[in-house]
Each structure stands twice: as C-alpha cells, then as structure tokens.
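None of the figures in this text is laboratory data; all of them are computed from the coordinates on show. Source: prediction; values computed, not measured. So basically every Cβ, Gly included, is an ideal-geometry build from the backbone, and we count neighbours across all protein chains shown.
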Amino acid sequence: MVIRVLDHVPHCRSWSDGDVIGQQIKRVLKGHRRAVVSFDGVGDVPSSFVNAAFVSLLDDYSFDFIKRHVAVVDSTSQINSLIKRRLTSEAKRHLLSA
Amino acid sequence: MYELIGQVASEHLEPGADRVQFDLSRLGFIDHNGTTIFANLVEWLRKRGVEVTFSGCDSGIDGVRYLDDCQFFRVYGDGLLRNWAAPRQTTMPFQSILCAASHDWLDNNVTPWMARVLEVPAASLYDLRSCIRELFNNIEDHSTEQVGCMHVQWYPNERRIGISLSDFGVGIPKEMARTYRFPDDGAALALAVQDQVSSKGGRNRGTGLALLVDNVAGRGLGHVHIYSLRGQLSCAAAEVGGTRNAGTVPGIYPGTLFSITLLTDRIEAIEDEREELEW
C-alpha cells in the first residue's frame, strides 16, 4: 500500500504534518499490510516530522517489525539518513528503558 | 550586543523606559547578527508598548545604508531613506520567522539564493534547511514573545555565508531547567546540543540542536554559535566531530541567537537523486 505523503499533507514541515503520515502508516500496518511511504516531491524534512511519522511507530511495533513492514521510496539521502538515525537512536533507548 | 540590550532592557527583561531613540550616527558597520538582533530588539520593545525612534539616519553612513537596503526603515521607520534602496545581491534580508510564510520563504527565496551563491544544486542544502526548519518549529513551540527573525549575508571576500536566526523568549537554559540541572547557562547550552536531550513540552525529542551542530560543525562545513540568556556555545568546524566551547557572558540575551557560518568552499554539490531507504 503506497502512501504518497503529499497526497495527505500539503508539506512535511512539522510534527503535525508527520502525525498525519504516522496515522496513515499505522492504519496500513493494522490491516496487516506493508506500508510504502513515498516522498515524491519532498526534498527535506525536519526531525519533528520524522518523530511523529516514524518514531511514534515504536510505541506499537518493534524496530525489526518496522524494518520489515515499512518501506520508504522516492526519497532523498537527507530524509533517509534522518529516519534511520532517529529510529535507531530511539529504538536503542526503548531497549535500555525496557 | 549585550551592552546594547542592557541599555534598553533590565535584568528581569523588562523595558527600561517608555521611549527609546536609537542613535545610528556612528553605525559604521553592521553584520548579519547585528541586523537580526536589532530587528528583534525593536520588535520586542514595540510589542511592550515602547515608543521606538531612530536618529542619525544618514544614508552616507555605511551601516545605515546597509540597513536601508535591507528595508529596515521601511519596516520599522518612516520609510526608506533612499527610494531606490533595495536588497543587495549578497544579502537575503531579515524576515520574521514567526509567520506562516516563513517556511515558504525558506524554500522559495533563501534556498535558491544560497544555491546560486554557492553554485550548487538546492539538494546540497537539504540537511541545513532541515535544521533551520526545525529551529523555526522550536521557536514557534517555545517562544513566549512571538518575536523572531532570520537574516542571511554572503561575504564573498571571506568565502563564507552568515546565517543569523533569533527569537526573544524564554531562552534555552530556562527551558532546560525544567528537566535538568547545570552549573550555569553555558553548561545548559552544551547539554542542549547533545542528542536526545530535550526540555519538556516540545515534540522535538531533543534532536534538533544536535543535528544542527553535527551537520554544520561536525562535518566541517562551518561553525555554529549559540547565545542564550547568560550562556554562549561555540561549535567550530572540524573534519570529524568539531570542537565545542561553552561559557557564560557578561550580559544577557533575552531569548536565543543562532549564528551559523557556512564556509562556501566546503559545501559539496549534491543532486536531488531519489532513492529507497535501505535499513
């Protein structure tokens, strides 16, 4: 199931924008499908967007599950490295606090 | 800047008078930081009901002429000093960052201008732009004064771009004090730029400042200086990691000032090539 972010939000600039995308991802995952997130038309995103869209998934799913069921396409190196950095860091923190 | 601020605001960050007149007759030079600070100061005073006027506005003075070209007197004075005053090719004049259009301005004005100056594709600036965008969000989340602006200046002879971004508000040390203890405001700033350190209440989760320092100083692309309340933090460029020096200052900055220096020779040309995320 492809979620093209700009079909759901006018831009990817804030936590609120990310929250909309995060909810879309969760909706797909709850339907036992793989979420493919497309950043077609988006050059960069701030960390608060990534926190809302992706890091919030750790509240319900493990990092391993996210890696298997969430794909990111049509993206840039800035977006991808930020998603990886934030998820890796927060997943580690989740483990330490468990 | 502390002396200027100290003359118009008390230690408890209240205006010192009902009327303030800024004498610009000796303003031989003002840089991007000074412009941002001055604009913020005028906004802050006026929002508190202080009558602000300017004297010595002689366009023959270099600093005054610079402000005029930045449209300062059109925004804060009685109009342009010279009706042909216009932003210079080396300047992206100050813009409020607490308005809905600030992100559009960053995307549609600042980015193409910087890309042109640096002679790189816009994608080369995505990391920096992401960090600046997060600073906008932080200011919107934390600023109590709703005063904030950004100003960019290219210094071609010095091969650098200066980006100044500031708000007047609570200040990072005070925000951090909700959650952490530290010996002074400089230490608060040093703590704030560490990954996953955050004051309560924001949605940043404590990454924004760390990313700014990592992306600019950590990669050797430039320097980041942060001034907030009685603290200051310098993050100098290095090939790996960068050096950081924190300390206190003999004054108070009523909010936070980010001064980012980009070394134009070090910005790599990166194309907007789409890719999949590889976990």
Using the Kyte-Doolittle scale, which helices in chain B average at least -1.0 and also have C-alpha atoms spread 18 Å or more along the helix axis, with helices defined as whole DSSP H runs?
B:32-47, B:126-142
Distance in Å, no decimals, from the C-alpha centre of the range A:31-91 to the one of the range B:62-124 is 35
Over chain B: helical MRE at 222 nm, DSSP H runs n ≥ 4 each giving -39500 (n - 2.57), nearest 500
-8500 deg cm²/dmol
log10 I(q)/I(0), Debye, Cα-only the range B:111-178, no solvent, q = 0.24, 0.25, 0.26 Å⁻¹?
-1.06, -1.10, -1.15
Can you tell me which lysines have their Cα less than 25 Å from the Cα of A:K92? Leave out same-chain residues fewer than eight positions away.
A:K26, A:K30, A:K67, A:K84, B:K200
DSSP beta bridges in chain B: the antiparallel percent, rounded to 5, is 90
Degrees separating the helix A:15-30 axis from the principal Cα axis of chain A, which is the longest one:
70
About its Cα centre, what dipole magnitude does the protein assembly as shown give when the only charges are +1 on Lys and Arg Cβ and -1 on Asp and Glu Cβ, stated in debye to the nearest 20?
940
Radius 12 Å from Cβ of B:S166, net charge of other residues (Lys, Arg +1; Asp, Glu -1):
-3
Taking chain A as the reference, fit the longest principal axis to its C-alpha atoms, fit the long axis of helix A:77-97 to the helix C-alpha atoms, and give the angle between the two in degrees, 0 to 90, nearest 10.
20
Identify the GluC sites (Glu not before Pro) of the range B:103-158 meeting these criteria: DSSP loop state and at most 16 other C-beta atoms within 10 Å of the C-beta.
B:E119
